[in-house]
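Report on the structure given below.
The values are calculated or read from the model by the stated rules, or taken from the named source; none is laboratory data. The model shown is predicted, which means the values in this text are computed figures rather than measured ones. Backbone-built Cβ (ideal geometry, glycine too); neighbour counts: all protein chains shown. Accessible surface is based on the protein model in full, side chains and every heavy atom, while ligands, DNA and RNA are left aside. Shrake-Rupley method; radii C 1.70, N 1.55, O 1.52, S 1.80 Å.
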Amino acid sequence: MTIDKLVAGQEVTLEIIIGDSSFEFKTEVVGTNNGTGVLVKPYMYNGQVVDFKNGSPQGMSFLLHCIDPNTKGRVVWRNLSVNVVNFKGVDYYAIDARAFGKIAASSERREDGRVSVKTPGSALMEDGRRFSISVLDISDSGISFIGNSYRVTIGDIVEINFADNANSSDFSLAVKARIVRAEAEERGILYAGKVLERDNKLLAYLCFKGMDKKQS
């Protein structure tokens with residue numbers, strides 16, 4: 001499949017990679033970009049279009065994924081440039097594959113690299129009990145934290161709450177996760193959870209934390 005075969009209304013996934021961290025968000029093709037790529041609906045945070053090129057680290061890279069309607073397989077275009085353009089008063093992402101007819105490669109999902117958090121927070125259990133924790137790291141698929149409660153068991157669903165600052169923006173996050181691992185260690189109980197819901201705030205946080213890491 002070549003990128004020029006993408007059509008308006010087609011669902012695609014834009015992946016943003018910063019160092020060993022990445023996140024994906026689903027968007028929609030709205031048209032072509034002057035014969036060099038495609039226009040897609042942008043990523044919004046707090047009602048504003050996120051311009052990844054504005055103050056972003058040089059190591060940031062972009063991939064575009066979609067389902068090939070012919071083979072039903074997931075394909076990817078790599079080494080993209082992504083810029084915000086305004087057309088008739090509306091902002092879009094102009095995605096340039098640098099070779100408009102470039103054939104997409106086969107794409108398999110991978111686990112995202114985690115970003116380090118290391119900040120205090122709390123865990124809310126389904127029965128309303130809450131206990132203090134230290135959040136260690138997070139990705140859009142998993143989270144790990146240290147707690148001193150033996151009341152949480154594998155399979156339990158907890159809401160992890162913590163606040164942090166990333167790329168000069170304040171975040172207050174509530175992440176629902178299913179516990180998949182619990183191990184006793186010197187600092188307490190090490191829990192690992194599978195993130196059940198991804199929202200725009202979590203994705204923005206991961207991206208901005210990745211920017212901070214690359215700029216430090």
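Couple of notes before you dig in:
- Taking each residue of the range 54-73 that is on the phi > 0 side of the Ramachandran plot and looking for partners that are at pLDDT 65 or above and outside any loop (DSSP other than H, G, I, E, B) with beta-carbon atoms closer than 9 Å, six or more apart or interchain, yields G55/M211.
- Test for L190: is it touching a residue at least 12 places away in the same chain (Cβ under 8 Å) and under 23 Å from the mean Cα position of the chain (by Cα): no
- Restricting the range 132-142 to residues that are open to solvent by less than 20 Å² (accessible area, probe 1.4 Å) and touching a Lys or Arg at 6+ places or on another chain (Cβ under 8 Å), the residue that is modelled with the lowest pLDDT: D140
- A single entry from G31, G37, G59 fulfils the requirement of being closer than 12 Å to A94 by Cα, more than 14 Å from the chain's Cα centre (by Cα) and at pLDDT below 80: G37.
- The set of residues in the range 80-108 that are of a type outside the set (A, V, I, L, M), surrounded by 13 or more Cβ atoms within 10 Å (Cβ to Cβ) and either modelled with pLDDT under 55 or closer than 19 Å to V7 by Cβ (or both) comprises Y92, Y93, D96, F100, K102, S107.
- Those residues of the range 62-78 which are under 18 Å from the mean Cα position of the chain (by Cα) and outside any strand (DSSP E or B), in sequence order: R78
Table: residues versus (1) of a type in the set (V, I, T); (2) over 14 Å from K209 (Cβ atoms).
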{"residue": "K118", "(1), (2)": "no, no"}
{"residue": "I133", "(1), (2)": "yes, yes"}
{"residue": "I154", "(1), (2)": "yes, yes"}
{"residue": "D170", "(1), (2)": "no, no"}
{"residue": "V175", "(1), (2)": "yes, no"}
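- Condition check for F145 on (1) within 30 Å of I67 (Cα to Cα); (2) buried (at least 17 other Cβ atoms within 10 Å of the Cβ); (3) touching a residue at least 40 places away in the same chain (Cβ under 8 Å): one failure, at (1).
- Subset tally (residues that are under 15 Å from D140 (Cβ atoms), open to solvent by 80 Å² or more (accessible area, probe 1.4 Å) and either modelled with pLDDT under 85 or not basic (K, R) (or both)) for the range 178-199: 2
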